[in-house]
1. Dividing the convex hull volume of the Cα atoms of region 54-153 by its residue count, what figure in Å³ per residue is obtained?
2. Does anything in region 29-67 have its amide N under 15 Å from the 7 Å Cα→Cβ label point of residue 238, and if so which residues?
3. Which value, in debye to the nearest 20, describes the size of the charge dipole of region 1-59 about its Cα centre when Lys and Arg Cβ atoms bear +1, Asp and Glu Cβ atoms bear -1, and nothing else is charged?
4. So which of 12/157; 44/125; 74/240; 12/198; 12/125 end up more than 29 Å apart by C-alpha?
5. Each label point is 7 Å from the Cα along the Cα-to-Cβ direction; what then is the distance between the points at residue 120 and residue 47, in nm?
6. P(r) for the chain, please, calculated from all Cα pair distances in 5 Å bins and given in %.
7. Tabulate in residue order the Karplus-calculated ³J(HN,Hα) for region 86-97, using 6.51 cos²θ - 1.76 cosθ + 1.60 with θ = phi - 60°, rounded to whole Hz; enter x for Gly and Pro.
8. If you count the DSSP beta bridges with both ends in region 4-251, what percent of them are antiparallel, to the nearest 5?
Amino acid sequence: MVDTETMGSIEKRICREAKQNALCFVLLDSESLSDKMAIDLVKKAENAGASAILVGGSSTIDQIELNQVVSSIKKTIQIPTILFPGNVTGISPMADAILFSSLLNSENPYFITQAQALGAIAVKKYNIEAIPMAYIIIGEGSSAWFVGRARGIPFDKPKLAVMYALAAQCMGMRSLYLEAGSGALHHVKPEMVTAVRKNFNGLLIVGGGIRDVKTAREIAQAGADIIVIGTAFEKTNSDKLLRAVIKTIVSVKR
Ligand code: 1GP
């Protein structure tokens, strides 16, 4: 695991927990939920054993709504609320931390460095803990792929993902997110997770299209430190499913 000296408290906490077992983060989209729904979902997520709530989406535009949702979540739960922005509009001063990501396989420099340069001003001003992260989109057709102008890595080309993972490692990024896209039909394959795990020494996050216990188990066993569940929980509001998925994920020990 990477040197923790330069990390903020949330990242340190996540790394500490991830050394024990795989973790689950629950993702909420502030624009598809009312305040009341968000509060209900995060209570269930915390009780089910989620380690953090991510708030974000590729098309978050309404910052007033975002602030309101983040503020309500923060009042409701103890686990960290972490921003997962698709653009500068996804930054809220209320959050505990931000996945400060660069979309490495975008064809548009805006999503690799320019949004980051603009967003960093707000992150500093609001004193939000930044967790440096390489964001890599797998496959095509998701909103993240479309908005981020990504050249999606084919699902069956783990070596291509490894190339980006090595680049992320060389650039000093402490976490890496393999993203199939919200509500994706196909999730990242465990073979790709295994290949990236062998070559990346930081927090490995995997999400997109994970909606059952078996898939979550295989991806955690392949070496993901964190598995992100969004659509399957947000759409069904089923804490039974979430509990089963999280129980499986955290049973994968390190
Ligand atoms: C999307 O990886 C996350 O950014 C979660 O995906 O909504 O498909 O769970 P799902």
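1. 91
2. none
3. 240
4. 12/157; 44/125
5. About 4.3 nm, to one decimal.
6. All Cα pairs considered, the percentages come to 1, 7, 15, 20, 22, 19, 12, 4, 0.
7. In residue order, the calculated couplings are x, 6, 5, 6, x, 9, 10, x, 7, 6, 7, 7 Hz.
8. The antiparallel proportion sits near 5 percent.
Only the coordinates and a few stated rules stand behind these numbers; no lab work does. Treat the numbers as computed from the prediction; the structure is a model and nothing was measured. Every residue, glycine as well, gets a Cβ built from its backbone with ideal geometry; the counts of neighbours run over all protein chains shown.
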